1. In whole angstrom, how long is each semi-axis of the equivalent ellipsoid of the stretch 340-489, when you take the square root of 5 times every eigenvalue of its Cα gyration tensor and sort them from largest down?
2. Run the accessible area of the stretch 281-329 with a 1.4 Å probe and give the carbon-and-sulfur part as a rounded percent.
3. How many nm separate the modelled label positions at L178 and L64, each set 7 Å beyond the Cα in the direction of the Cβ?
4. For the stretch 157-286, which semi-axes, largest first and in whole Å, follow from the square roots of 5 times the eigenvalues of its Cα gyration tensor?
5. Go ahead and collect, in residue order, the members of the stretch 217-255 whose backbone nitrogen is under 16 Å from a label point 7 Å along the Cα-Cβ direction of R211.
6. What lysines does K421 reach when the alpha-carbon gap must be under 16 Å and sequence neighbours fewer than 8 apart in one chain are set aside?
7. Set the bar at 27 Å for Cα to Cα. Now go through K373/K538; K144/K187; K373/K532 and name every pair that lies beyond it.
8. When the gyration tensor of the stretch 463-513 is built from Cα positions, what are the square roots of 5 times its three eigenvalues, in whole Å, from largest to smallest?
Amino acid sequence: MSSSVLNLNVGILGHVDSGKTSLAKALSTTASTASFDKNPESQVRGITIDLGFSSLLLDMPQHLKNLCSEEKLQLTLVDCPGHASLIRTIIGVDVTKGMQTQTAECLVIGEVTCQKMIVVLNKTDLLPEGKRTALIDKMTKRMKLTLANSVFKDAPVVSVAANPGGSEGVQSSLPVGLQDLTETLQKFAFVPERHILSPFLFAVDHCFGVRGQGTVMTGTVLQGAVNVNDTVEIPSVHVTKKVKSLQMFRRPVERAVQGDRIGICISQFDPNQLERGIVCMPGYVPAISSAIISVQKIKYFKGSLSTKAKFHISIGHETVMAKLSFFSLLQDSRNTANDNSFDFDKEYKFQEELLFDSQKDDTSITAKEMPVKQFALLEFEKPVLAFPNCLIIGSKLDTDIHTNTCRLAFWGHLLEGIEDKSYSSTVLPRLKIYKEKCKSGIIDRASNQYEVIGKNMFKKETNIQLFVGLQVELSTGETGIIESSFGQSGKVKIRIPDGLNESTYELLSGMTKRKGKQTQPQNTSPDPEPIKIALHFKRYIYDPKKKMVQS
């Protein structure tokens, strides 16, 4: 039956008490087992504290009829918690309040997860009737101005009253504006690119037992497909089970594909073992101890993003703490800059902080040259389940929710998941992340026109073999190559391939003679300035025993 329905998932996000649940209820034609604040705590507190799901079944829009074989369009409505303290669970606008901190954070989540958005101005019935049209127009202009510099600059704004009279009063009339909203949803519907042949991946948001049938896991197929009798894994508890049956909003189906909202029934599994999480093709989702991700700073985050700082990392339904280390690729083909892969053979530059591309936002104060691509090494405080290329969001969730600041700091995708708990000794040395260094010293003397002795560059305990072969520059313009150590005090022998300039050689010869001569007390002429040496090199931070690389 699923083949006759094209399913699209629509997240309903907004600040607390903006009427999201009322809107979902007014739009829906079918409710699920988890919808409309059925959670007992939601009913006690009067707010959404968990995900809710329902669906709206529509005729297939005319512009899609020739693009797909399905007969109906199904919109799965995901009612998300809006309270700031609940954004760990999921990271419409009340027309009487406008944009609030939680609304802005929802906008950020939207920007990194999708390209289409509809702004719904809810609770228009609470506006004074004589000023209602003018106030709606004013709020519409404010919203469009807010979105002008985002990917949603062309988002339509629709005004509704999903529950006239409010939850505590007697509903005086039917919902207002739902027809316009429904038509807008149909207009914005599209046929998404779906990876049905990829390994099966399923995001579980509710799990419960059904007497006489087994355990049902409800959620959304993130990629691939699943059929009745397939074997799936619940990686958080290392259990594999056979799929007994599938349902899509109470309709039995034999198969479900990416994008479908379904319930999977399995047997002999305690639902208390899985509140929410991942179900997948066996062996597809490992627990990782660290990760390398692509990373971009969120422009609304005003705090610092420094290497060695700790952030809350959200991966799927999990949020864990991790220590960050930033690095970047400076030169590469622009065609490969957006690849979702990581190359251990390339060299990467260490960064003290994550940079923000000023070319993408005129308000940025960053004046540094931007690298081709930026990365972060995440070192988790505890292992976390992660699948290839999954979305990762970094936040400061311990920030005071009353400070009116965006807590979402950066986002990216998983490029390399590292399972080995001993990664610091087994994997990190493979990372060619370098710091640019400079050592300076002076010429002690010239052995001949093609060889000089340098000092004050290294300490006596330095392993000078790591620097042999690197090029140095003399303040007089010549270049030389470090050939070997000289003595036990940190001095080095430097070969000058093209020979010293005559003036340099004469100066060094004079300094050598003067150094070996007993200067009379009455001779007060100043010593000539010493000739300086500069060595610019790269040091690999995760493998300090490796030979240094010329900068």
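The values are calculated or read from the model by the stated rules, or taken from the named source; none is laboratory data. All values reported here derive from a predicted model rather than from experimental measurement. Glycine also receives a Cβ, built like all others from the backbone with ideal geometry; neighbour counts cover every protein chain displayed. SASA here: full protein model, heavy atoms, side chains in, ligands and nucleic acids out. Shrake-Rupley method; radii C 1.70, N 1.55, O 1.52, S 1.80 Å.
1. Square roots of five times the eigenvalues give 44, 22, 15 Å.
2. 53 percent
3. 2.0 nm
4. Rounded to whole Å, the semi-axes are 35, 20, 13.
5. No residue qualifies, since no backbone N sits under 16 Å from the label point.
6. K323, K382
7. K373/K532
8. Details: eigenvalues 92, 41, 11 Å².
Values for the stretch 463-513, descending: 21, 14, 7 Å.
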